[in-house]
Amino acid sequence: MIPAALPNAAIAIDVHDLTVAYHRKPVLWDVDVQVPVGKLIAIVGPNGAGKSTLLKAMLGLVPLASGRVEIFGRSIREARALVGYVPQRESVDWDFPIDAMGVVTMGTYAQLGWLRRVGQPQRERALAALKQVGMSDFAQRQIGQLSGGQQQRVFLARALAQDAALYLMDEPFAGVDAATERAILDVLRTMRDAGKTVIAVHHDLQTVPQYFDHVIMLNMRLVAAGPTNDVFTQENLQKTYGGRLNLLEQAAEAVRRAGT
Amino acid sequence: MNPFLTSSEWWMLATASMCGLLCGVAGCYLVLRRMSLLGDAITHAILPGLAGAFLLSGTRDTWAMLTGAMVVGLLTAAGTSWLARVGKVPSDAAMGVVFTSLFALGVLLISQAADKVDLDPGCVLYGLLEFVDIDRVRVLSFEMPRAFATLAGASGITLLLLTVFWKEIKLVSFDAALATSMGFSATLIHYVAVAVIAGASVASFEAVGSILVVAMLIGPPASASLLTQRFGRLIAISASLGVLSGAIGTIAAVRLNTSIAGTVSVVVGLLFALALFASPSQGLIATWLRRFSLTLRVRREDVLGTLYRVHAESNSRATARDVQQLLTGPLGTIARYQLIWAKFIASQQGQAVLTSTGQAEALRVLRAHRLWESYLWRDLSLPVSHVHDPSERMEHFITDDMARDLEAHVQNERDPQGRPIPQSDA
């Protein structure tokens, strides 16, 4: 739940001059970006551009070499209860002895805090979240027996159960079937319409304009950020993806010419 | 007649079982986080901690030992993850280097101290379950072996921590990053768990020694993970297996007059083997049975399909000989009895014929076969000569729902060879 009075409520997350380094080697340089409330925002960029790192820096999961992150005008620590995280699907062990319901219930732990136990309200919220992603029939299923798309929906349901104001998702559309992709998009749009902000690392450039209101283009540095219509341009894509996109374009053009 | 076990043997059994309970619970964390090697590392590396605590304090006081072991246990966990991060060494190699070096250091320290004091390397390595009854303490007016009291205390603390931090432990075990992002520090919980495991190892030393304690930490949880897919049940089953191993191992060792710690560890291994073979869901026997029953089903459906083609379709290449061949051999014989039992086929003048229910079943298989042929031919553009064999395999796996979808998709009443596709009666 979003507290009634949020300072600077138009900005969900304010990243100021952020540099992240692994073993002193910077992987993100001087990133300045402000993310508006109530939008779907894509983070795009080539492999190794630091997309997941930016997400983790926003969550306070990696140490910052310099700069700061403010979430709804507060420090990451103060804003923890407002932030939901959906890690990459591969980041967890799907053979873990737990059913879908158990995973989704974990979303409610943040609000419970230390020591308080899961009760009926938490279970009801988890079940409602499973229903919202169309997975209530699979509540008792061991998570390893679910398909990739179903696993991703379970992750999304867990985020819903978290009931945060800002969601950070690492490739929620990766490796899912077309039906799941549509289902996930529907859920994201519902979340946005309820005033939530969703930032997602996204790989499929073709669907960016269709799915996302804003886009953050990243390649170790911030290339551009803003409304998709203004920012997601050929020029910026070329800056983000360097020569590779250019080559791909030439290749595609060559195929087109050869075919006609 | 001798009693089943003497009083001191009962105490050995109780101590071994308590050790099994403690390690069975504590080890679940390692197995769930896929860090079993860390258990190996901790149990080996705390040897210098024990020796150091002993040399510094000059006593075998439990608290001094416990503190020394926990400190070194935490250093091992932190040191290996630091080495893996900074030294660019794979984490298993880092662990291998750290724990063997620390273990060797511990052996040196103990041999150095051995001529001055009574700390026997053999006792530390293999435990002294046989003599557990000699060293007694009084707890709440009950007199019991000191090792048992230590293990019971450690078990109590471990179970208390597990109960209190149940949800936090579950969350960190499954998704450490999410836990940290929610404000439950995964690092903190991990190191508390490591300290508990180090404590469990020390408490178990006197019972089973520093080497066999690894078996107690990893064996029962590994077996339990083959038997259940629920978090709570995993811990309960693991604890029960630990207790069971302790009890069976002690009785067997007393009867065979051999090392108790060794026998207990062998029982842990045997129970794991049993779980591996006989687990109802993931066991090898269950898997073999499932495969065998699938092979039988395929054979039965092939018989029905072939019988139908022979009797109902004039232009089929299938012959009565094919049917006969499918019904001979061990597999064919079982399939024949199953088909007769299910009233799918009957025998007429020594020849197998389809009953009406058998014919319905044959049509279902044939429908799946021809729908799949049509799909391969139309959608995948396979030549007509190539569609029969893959369909012969797929026909057994096409559910009624899939058949309906395929039918709607291919929209054809005939297969690529022009034979009619049977309609569903539903």
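The values are calculated or read from the model by the stated rules, or taken from the named source; none is laboratory data. Not measured: the values here are computed from a predicted model. Here Cβ is always computed from backbone atoms with ideal geometry, including for glycine, and neighbour counts include all displayed protein chains. Note: areas computed on protein heavy atoms with side chains; ligands, DNA, RNA excluded. Shrake-Rupley method; radii C 1.70, N 1.55, O 1.52, S 1.80 Å.
Descriptive notes on the structure:
- Estimated Rh, region B:326-387: Kirkwood, alpha-carbon pairs, angstrom: 13.5 Å
- D_trans [Stokes-Einstein, Kirkwood Rh over alpha-carbon pairs] for the protein assembly as shown, 37 °C, 0.692 mPa s, µm² s⁻¹: 109 µm²/s
- Placing unit charges on the Cβ atoms only, positive for Lys and Arg and negative for Asp and Glu, gives chain A a dipole magnitude near 440 debye about its Cα centre.
- Using equal-weight Cα scatterers in the Debye expression, the normalised intensity of region B:42-141 in log10 at q = 0.11, 0.12, 0.13, 0.20 Å⁻¹ is -0.40, -0.46, -0.53, -0.99.
- Accessible surface for A:Val118 stands near 40 Å², nearest 10, in the context of the full protein assembly shown (1.4 Å probe).
- With Rh defined as the Kirkwood radius, the inverse of the mean 1/r over Cα pairs, the Rg/Rh of region B:161-278 is 1.04.
- Rg [Å, one decimal], Dmax [Å, integer] - region B:92-233, C-alpha atoms: 18.2, 53
- Gaussian network model of chain A, springs between alpha carbon atoms under 10 Å - residue of A:Gly113, A:Gly195, A:Gly148 with greatest fluctuation: A:Gly113
- When the Cα positions of B:Ala335, B:Leu256, B:Leu294 are compared along the charge dipole of region B:244-341, B:Ala335 comes out farthest toward the positive end, with charges on each C-beta of Lys, Arg, Asp and Glu.
- Computed from Cα positions, the angle between helix B:400-410 and the longest principal axis of chain B comes to roughly 50 degrees.
- Calculated diffusion of region A:68-186, Stokes-Einstein form, Kirkwood radius summed over Cα pairs, 25 °C and 0.890 mPa s, µm²/s: 167 µm²/s
- Among the chymotrypsin sites (Phe, Trp or Tyr not before Pro) in region B:310-406, those placed in a DSSP loop whose Cβ has at most 16 other Cβ atoms within 10 Å are B:Phe397.
- Seen from every direction in turn and averaged, the convex hull around the alpha carbons of chain A projects onto 15.9 nm².
- Using every pair of distinct Cα positions in region A:120-212, the Kirkwood expression returns a hydrodynamic radius of 13.7 angstrom.
- Straight Cα distances below 25 angstrom link A:Lys239 to the lysines A:Lys25, A:Lys39, A:Lys51, A:Lys56, with same-chain residues fewer than 8 positions distant left out.
- For chain B, the longest site-free run once trypsin sites (Lys or Arg not before Pro) in DSSP loop states with at most 12 other Cβ atoms within 10 Å are removed: B:117-316
- Sum of side-chain charges, A:Thr53 neighbourhood, beta-carbon under 13 Å (Lys, Arg +1; Asp, Glu -1): +3
- In units of the compact-protein estimate 2.2 N^0.38 Å, region B:269-390 shows a Cα radius of gyration of 1.34.
- Amide H contacts of A:Ala21: A:Val27, A:Ala65, each under 5 Å away and 5 or more positions distant or on a separate chain (H built 1.01 Å from N in the peptide plane; Pro and chain starts excluded).
- In the calculated pair-distance distribution of chain B, the portion above 42 angstrom amounts to 42 percent of the Cα-Cα pairs.
- Estimated [θ] at 222 nm from DSSP helical runs (n ≥ 4, -39500 (n - 2.57)) normalised by residues in chain A, nearest 500: -11000 deg cm²/dmol
- P(r) tail fraction, region B:1-50 - alpha-carbon pairs more than 12 Å apart, %: 72 percent
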